[in-house]
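*Asks:* Quick one: structure below, then a few questions.
Read-outs throughout are calculated quantities, based only on the coordinates presented, and are distinct from any laboratory measurement. Here the structure is a predicted model, which means the values were calculated and not measured. For neighbour counting, all protein chains shown are included, and Cβ atoms are generated from backbone atoms with ideal geometry for every residue, glycine included.
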């Protein structure tokens, strides 16, 4: 059994449980035996919830935006509010696998907990807002990926940069191909605008791993970029 399974086993009365959890279970058993009032129960539950958060993987809320101008869009938000993932035209199972890359997490589908992010993304895609007031989570990315995506974040709306220009901006002009790969693996497109980075010959280049993706065209046109 791993540590989390042992922790749960303790609360469920398994003999293989970690001994340090015995105090918690004994205290809860004694508390409920005395038939406490509701306030005491709520306080105990809050303590238990806090203890669970200390041993369980972080929680990610997610929900689907349907029928946006670029199709169905999944949005994943951390319990602390940062956006951890955005993806398009993907099954729910595949999106959860996508969110789970790079670290162990728990998932909970929740329109309520993702409401702010969903509203921001919907308004942006509908052309009702020119910016996204959301914080991206890049904690699970490599330092190089974070540097590239931060450079993409700094490209103003209505403008584009080339992969070569991004490579120069980050101080590594020979890393053009690596910059392209980092942008194609961007876990939070739209919020981190990798669509604003194009090939040096003026063509759109890849987006989401696909050349000439119509979503990139739609996003750039939405932002006022004049395309040939």
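*Asks:* If you take the beta carbon distance between residue 172 and residue 90 as r and set R0 to 45 Å, what does 1/(1 + (r/R0)^6) give as a FRET efficiency, to the nearest 0.05?
*Replies:* It comes to 0.90.
*Asks:* Tell me, how many Å apart are the Cα centres for the stretch 94-116 and for the stretch 55-79?
*Replies:* 6 Å
*Asks:* Normalised by the residues of the stretch 59-125, what does the relative contact order come to in percent, with Cα pairs under 8 Å and at least six apart?
*Replies:* 39 percent
*Asks:* When each pair of different Cα atoms in the stretch 62-162 is counted once in the 1/r mean, what is the Kirkwood radius in angstroms, to one decimal?
*Replies:* Across the stretch 62-162, the inverse of the average 1/r is 14.6 Å.
*Asks:* Of all beta bridges DSSP finds with both residues in the stretch 59-125, what is the antiparallel percent, to the nearest 5?
*Replies:* Approximately 75 percent, going by the DSSP bridge assignments.
*Asks:* Continuing with the same structure: Taking 41 Å as R0, compute the FRET efficiency from the Cβ-Cβ separation of residue 39 and residue 116 and round it to 0.05.
*Replies:* Between residue 39 and residue 116 the formula returns 0.85.
*Asks:* In addition: How compact and how long is the stretch 143-222, expressed as Rg and Dmax of its alpha-carbon atoms in Å?
*Replies:* Expressed in Å, the Cα Rg and Dmax of the stretch 143-222 come to 11.1, 32.
*Asks:* Please work out the FRET efficiency for the pair residue 225 and residue 131, using the Cβ-Cβ distance as r and a Förster radius of 25 Å; give the result to the nearest 0.05.
*Replies:* Efficiency, rounded to the nearest 0.05: 0.95.
*Asks:* Between residue 157 and residue 26, how many nm apart are label points set 7 Å from Cα along the C-beta direction?
*Replies:* 6.0 nm
*Asks:* May I ask you to derive the relative contact order of the stretch 113-178, considering only C-alpha pairs under 8 Å and at least 6 residues apart, and to give it as an integer percent?
*Replies:* Once divided by the residue count of the stretch 113-178, the mean separation gives 19 percent.
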